[in-house]
Amino acid sequence: MTESQGRLAENILYFARALRAAGIPVGPGSVLDALAAVQTAGVGTREDFYWTLHAVFVKRHEHSVLFDQAFRIFFRKRAYIEKLIASMMPQAPGQQPQAPKPGAQRVQEALFAGLKELEQKKSEVEIDARLTVSDREVLQKKDFAQMSAAEIAAAKQAIARLRLPLDEIRTRRLAPNRRGHLIDIRRTLRASMKAGGAVIDLKYLGPKSKAPPIVALLDISGSMSQYTRLFLHFLHAVTDARKRVHTFLFGTRLTNVTRALREKDPDEALAACSAHVADWSGGTRIATSLHVFNRQWARRVLGQGAVVLLITDGLERDGEDTLAFEIDRLHRSARRLIWLNPLLRFEGFEAKAKGVKAMLPHVDELRPIHNLESMIELVRALSAMSAKGYDPKTMMRKVA
Amino acid sequence: MTGKPVPTSIDSTLDLLAKAGYIADRSLATVLFLALRMGRPLFLEGEAGVGKTEIAKVLSATLGRRLIRLQCYEGLDVAAAVYEWNYAAQMISIRLGEAEGTSDRERLEHDVFSERYLIKRPLLQALEPHPEGPPVLLIDEIDRTDEAFEAFLLEVLADFQVTIPELGTVKAAHAPIVVVTSNRTREVHDALKRRCLYHWVGYPNAERELVILRAKLPGIAKKLSEQVVAFVQGLRKEDLFKSPGVAETLDWAGALTELDVVALDPATVSDTLGVLLKYQDDIARMDGTKVKKLLDEVKSELRAAE
């Protein structure tokens, strides 16, 4: 009996390792919990055993599928486990797939096209870091698409240095505040107690404010390829400065890269992003991607007054009927929807493309984002609520 | 103890729930049984209207324990969730002390910040001893509150204790049965989930939904109940913004019985669709022809099964 229990403990330990390799975060505490749970429930039927382990190891709905596969394969034949890890986790550390997928190659190219070149020009970059004032001005206004590798490196550093002012919304939570409007009776009483109850020194409470969540939807299709890399750097800087930032990439399908962008080092974060995405520099299906976002994510990430940054050129391949519907849906579930369009840099940009026409009536703000200056302006705009100068209605009037 | 002891096996857990009219599947019974036996909080996540809150209510009813409910909302703070001082009574006490000429400040402070002046809110109530055994603590819709409150809950759920600066630490002699629910309008932090046993409550399959429907509405006609369940199951496969939950199925079946409907027809379905679907987009999507098509499919399926 004890021997079989020993074997069971061992099996659970190995199974936990397999789960970890498959991408479910399982700590040593969970293994002990699992043992306790199995001892409590007893190993009756296979189904009970399954749900007992499920109760302890799975902490997210998404992990249920992984758990299911792992369980089936592991408890059928142990030898399958290496195959399992290899098949479920192509990006597992130290487990390189034999031949990189064509998508991965594209990702690599798209992300690190300038990297080798950049390394060679390292000395140049160091000089760039000490740019003169006029150089800096040039850099601020230069279009990202026309930058050299060295200039891109300098721009990246500038992005990393961006000061992000806290865009704040009032929450319903209260905090001690001298100019507050509510009397904090608890503190007042304690303070007056010190004086023996003779003097009552009123203390106040005021509403606490807090940075709202930011949700970024970044178009990574071919037409945006010159910009995506720097935008990702920008989003990484924003993620680093704020706690609640969710980032999604879309080309032909939607990918959530929020966790990848939480890596501290920007290059590691971007590498992690590239590992997740299969549709780099391909076509754009804005409506389909927004539809997936609206259905699967909107209710989970758009709570608590979120600001949505939609970064796309609006050149859509899908039918524009559904696009108008989806963007309207998105607009109604977000507190503020800002459309960042790099094409807006052209003086004569007009809302002629069908996709652009469909999207314009449903956004709160339309801004250019093609150089450092516009990026800095965006950061500033995030802290103010007005859309001065960037109201999409002016653009619509121009067309009409 | 007047309350019943917790069940001793997964089967008895299933029976216990069934006795109170809650038809659970075996996975839910397993995780519930483990939570009860191991004294761990149970974290239930799932779409609205699949019966998450109901579990806590059924537990409290069948085990004969008190149900203490903490409904979360944005801005929920310690004063509303744990405790608050009764300031008015404190003020009067201070004034009385003055009138009597009590000059001992230490004593006055000690008297005023004693348990007599403490208003206990749900979390503190749950930690107190109860004659019928540890209560059921329901922390409902935790995703509505903010991260700060979640962090505070960590202490409560890990050690079942809270600290009141003026009084000291209150620790539960017996851990309450904790059920935490979330609609997933935002992700709850992993640290909190780690302390709980997690379960995703999904939509039931047709067979189980039929049993639930008949348990909740015993008077419903056999044919109508079958059609209702099959139609709702079909509706869940449609591309909708919000699929109808079990609560909506029950509401709809109830509405149809009130209207004396014995079998579904397209017109009745279209007229009562607002009971099932709560978004205008979804109702617009399910127009007359679509409803008719789905209904025909449902009817032919049921005929084939007979």
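The values are calculated or read from the model by the stated rules, or taken from the named source; none is laboratory data. Remember, it's a predicted structure, so these values are computed and weren't measured experimentally. Cβ sites come from the backbone with ideal geometry, for glycine too, and all protein chains shown count toward neighbours.
Couple of notes before you dig in:
- Selection of helices (runs of 4 or more DSSP H) fully inside region B:238-293 by the criterion of at least 2 residues being closer than 28 Å to residue B:215 by Cα returns B:246-258, B:266-271, B:273-276.
- Here is the figure for region A:195-223: residues that are under 30 Å from residue A:370 (Cα atoms) and more than 10 Å from chain B (Cβ to nearest Cβ) total 12.
- A search for C-beta distances below 8 Å between a residue of region A:360-377 that is outside the structural domain of residue A:287 (by TED's automatic domain parsing) and free of Cβ contacts under 8 Å to residues at least 12 places away in the same chain and any residue that is among the aliphatic types (A, V, I, L, M) and surrounded by fewer than 21 Cβ atoms within 10 Å (Cβ to Cβ), counting only pairs 6+ apart in sequence or on different chains, returns nothing.
- Set side by side, the residues B:52, B:4 differ, and just one is more than 14 Å from chain A (Cβ to nearest Cβ) and either closer than 20 Å to residue B:250 by Cα or surrounded by fewer than 23 Cβ atoms within 10 Å (Cβ to Cβ) (or both), which is B:4.
- Scanning region B:1-30 for residues that are under 19 Å from residue B:205 (Cα atoms), small (Gly, Ala, Ser) and not in a loop (DSSP other than H, G, I, E, B) yields a count of 3.
- Considering region B:200-233, the residues that are among the polar types (S, T, N, Q) and in contact with a Leu (Cβ under 6 Å, 6 or more places away or on another chain) include one that is nearest to residue B:268 (Cα to Cα), namely B:227.
- If you go through region A:193-246 and pick out every residue that is touching a helix residue (DSSP H, G or I) at 6+ places or on another chain (Cβ under 8 Å) and part of a strand (DSSP E or B), you end up with 8.
- Scanning region A:306-317 for any residue that is crowded, with 21+ Cβ neighbours inside 10 Å, within 14 Å of chain B (Cβ to nearest Cβ), in contact (Cβ under 8 Å) with a residue 60 or more places away in the chain and of a type in the set (Gly, Ala, Ser) turns up at least one such residue.
- The one condition from (1) within 12 Å of another protein chain (Cβ to nearest Cβ); (2) assigned to a loop (DSSP other than H, G, I, E, B) that residue B:175 does not meet is (1).
- Output for region B:158-172, where each listed residue is away from every other protein chain (no Cβ under 11 Å) and either farther than 13 Å from residue B:82 by Cα or in a strand (DSSP E or B) (or both): B:158, B:159, B:161, B:162, B:163, B:164, B:167, B:168, B:169, B:170, B:171, B:172
- Of A:188, A:247, all but one fail to be more than 30 Å from residue A:333 (Cβ to Cβ) and β-branched (Val, Ile, Thr); the exception is A:188.
- Boolean, residue B:261 is more than 25 Å from residue B:183 (Cα to Cα) and either of a type in the set (Val, Ile, Thr) or modelled with pLDDT of 90 or more (or both): yes
- Candidates A:262, A:329, A:345: the one that is among the charged types (D, E, K, R) and more than 14 Å from every other protein chain (Cβ to nearest Cβ) is A:345.
- Residue satisfying all of: in region A:350-400; buried (at least 17 other Cβ atoms within 10 Å of the Cβ) and assigned to a loop (DSSP other than H, G, I, E, B); modelled with the lowest pLDDT among these: A:387
- Residues that are facing chain B (nearest Cβ under 7 Å) and outside any loop (DSSP other than H, G, I, E, B) within region A:55-77 comprise A:55, A:56, A:64, listed in sequence order.
- Just one residue in the set B:124, B:138 is touching a Lys or Arg at 6+ places or on another chain (Cβ under 8 Å) and buried (at least 19 other Cβ atoms within 10 Å of the Cβ); that residue is B:138.
- Qualifying residues in region B:186-195 (those that are more than 28 Å from residue B:244 (Cβ to Cβ) and either at the interface with chain A (Cβ under 10 Å from one of its Cβ atoms) or surrounded by 17 or more Cβ atoms within 10 Å (Cβ to Cβ) (or both)) - the one modelled with the lowest pLDDT: B:190
- Residues in region A:174-194 that are facing chain B (nearest Cβ under 9 Å) and of a type outside the set (Val, Ile, Thr): A:174, A:186, A:189, A:190, A:192, A:193, A:194.
- Residue selected from region A:275-322 under the condition in a loop (DSSP other than H, G, I, E, B) and more than 20 Å from the chain's Cα centre (by Cα), by the criterion farthest from residue A:261 (Cα to Cα): A:319
- Of all the criteria given as (1) facing chain A (nearest Cβ under 7 Å); (2) more than 19 Å from residue A:183 (Cα to Cα); (3) within 37 Å of the chain's Cα centre (by Cα), the one not satisfied by residue B:82 is (1).
- Residue in region B:238-246 that is basic (Lys, Arg) and modelled with pLDDT under 90 present: yes
- Residue B:121 vs. criteria touching a helix residue (DSSP H, G or I) at 6+ places or on another chain (Cβ under 7 Å) and either at pLDDT 90 or above or within 14 Å of chain A (Cβ to nearest Cβ) (or both): yes
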